[in-house]
Amino acid sequence: MIVDYNKIAKWFSNSRKKMKWEEIDYFISSYLTNFKWKSFLDIWCWSWRLLEQFSNSFDINKIDYLWLDLSSEMLKNAKDNFSEKEFRNINMIDINKLEWRKFDYIFFIASFHHLDNISDRINVLKKAKSLLKDNWIIFMTNWALDSDLNKEKYSKDIIENSLNEYGGLDYKIYFWEYPRYYHWFSLDELEYLFNETWFDIIENRLFDTNKNFISIIKKN
């Protein structure tokens, strides 16, 4: 149920231009006090918004940044806006193709919740861990579809009989006529996944705006 974003890249990116992630501002102020010469891996952000938001807060010319995405059109749009940065057409489940690279920070911004089974979720976390430098961190946001803010709005989009043993649910949510798969993680489910892949959990909670869960985990 993953949409071919090549068909909607322009419109999807435009629809996100005025959106702002308060979660990213929080991460920058709390964990990026020394950003210079650090390496960043951005996995499946769907547009260049993360890099753009970074550019509002610090000098992105002083970071090593790589963005991976499934959509070649999304990557083209990103390159048009940030021609000096590196963008590669790689699926999230194939990030081990970068096994020779190591990063200080890895970001899953509204992307991890598109994985539709527990095996892929664990494998992606293991592969991401292998790309992370020791004692550095992954920052993740997942849509809090069961929060007080979102629960009623998206209740009709729940996929029947999708409740799992951790209380998580699957959703089918449309962008125009295009269905997109989302998994709503319970915090217990996220904690299980992080423990199963041997990360230290720094934060794992509903963010203050009630829109998303934020998870900050460290390679020990």
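The values are calculated or read from the model by the stated rules, or taken from the named source; none is laboratory data. All of these numbers come straight from a predicted model, not from anything done at the bench. Here the Cβ is made from the backbone with ideal geometry for all residues, glycine too, and neighbour counts use every protein chain on show.
Report, by residue number, each residue of the range 62-81 that is surrounded by 17 or more Cβ atoms within 10 Å (Cβ to Cβ) and either outside any helix (DSSP H, G or I) or of a type in the set (Ser, Thr, Tyr) (or both). If the condition is that a residue be surrounded by 17 or more Cβ atoms within 10 Å (Cβ to Cβ) and either outside any helix (DSSP H, G or I) or of a type in the set (Ser, Thr, Tyr) (or both), then ILE63, TYR65, LEU66, TRP67, LEU68, ASP69, LEU70, SER71 are the ones that fit. In a residue-by-residue description of the range 166-186, the property of being touching a His at 6+ places or on another chain (Cβ under 8 Å), crowded, with 18+ Cβ neighbours inside 10 Å, modelled with pLDDT of 95 or more and not in a strand (DSSP E or B) applies to at least one position. Condition first: surrounded by fewer than 16 Cβ atoms within 10 Å (Cβ to Cβ) and either of a type in the set (Lys, Arg) or part of a strand (DSSP E or B) (or both). Now tell me which residues in the range 139-165 satisfy that. Result: LYS151, LYS153, LYS156. Here ILE201 does not fit the description of being in contact with a strand residue (DSSP E or B) (Cβ under 8 Å, 6 or more places away or on another chain), in contact (Cβ under 8 Å) with a residue 24 or more places away in the chain and at negative phi. Being crowded, with 17+ Cβ neighbours inside 10 Å and hydrophobic (A, V, I, L, M, F, W, C) is the filter; apply it to the range 192-220 and report the residue that is farthest from ASP134 (Cα to Cα). Per the stated criteria, the residue is PHE207.
Rundown of residues vs (1) touching a helix residue (DSSP H, G or I) at 6+ places or on another chain (Cβ under 7 Å); (2) closer than 30 Å to ASN164 by Cβ; (3) without any contact (Cβ under 8 Å) to a residue 60 or more places away in the chain, yes/no style:
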| residue | (1), (2), (3) |
| --- | --- |
| PHE54 | yes, no, yes |
| TYR65 | yes, no, yes |
| LEU75 | no, no, yes |
| GLU84 | no, no, yes |
| ILE90 | yes, yes, yes |
| ILE95 | yes, yes, yes |
| ARG101 | yes, no, no |
| SER119 | no, yes, yes |
| ASN135 | no, no, no |
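What number of residues within the range 204-220 are touching a residue at least 24 places away in the same chain (Cβ under 8 Å) and assigned to a strand (DSSP E or B)? Total meeting the criteria: 9.
Residues that are small (Gly, Ala, Ser) and either part of a helix (DSSP H, G or I) or within 15 Å of the chain's Cα centre (by Cα) (or both) within the range 42-61 comprise SER47, SER55, listed in sequence order.
Once the range 37-61 is narrowed to residues that are under 18 Å from ARG101 (Cα atoms) and of a type outside the set (Ser, Thr, Tyr), the residue that is surrounded by the fewest Cβ atoms within 10 Å (Cβ to Cβ) is TRP37. Selection of the range 102-128 for residues being basic (Lys, Arg) and surrounded by 17 or more Cβ atoms within 10 Å (Cβ to Cβ) yields ARG121, LYS127. Here LYS127 does not qualify as basic (Lys, Arg), farther than 22 Å from ASP69 by Cβ and in a helix (DSSP H, G or I). Go through the residues of the range 149-166 one by one and say whether even a single one is touching a residue at least 40 places away in the same chain (Cβ under 8 Å) and aliphatic (A, V, I, L, M). Scanning the range 149-166, I find at least one residue that is touching a residue at least 40 places away in the same chain (Cβ under 8 Å) and aliphatic (A, V, I, L, M), so the answer is yes.
Is the range 210-218 home to any residue that is modelled with pLDDT of 95 or more, of a type in the set (S, T, N, Q), within 18 Å of LEU41 (Cβ to Cβ) and touching a strand residue (DSSP E or B) at 6+ places or on another chain (Cβ under 6 Å)? Yes, the range 210-218 has at least one match. Considering the range 99-112, and only residues there that are hydrophobic (A, V, I, L, M, F, W, C) and modelled with pLDDT under 95, the residue that is nearest to TRP67 (Cα to Cα) turns out to be ILE109.
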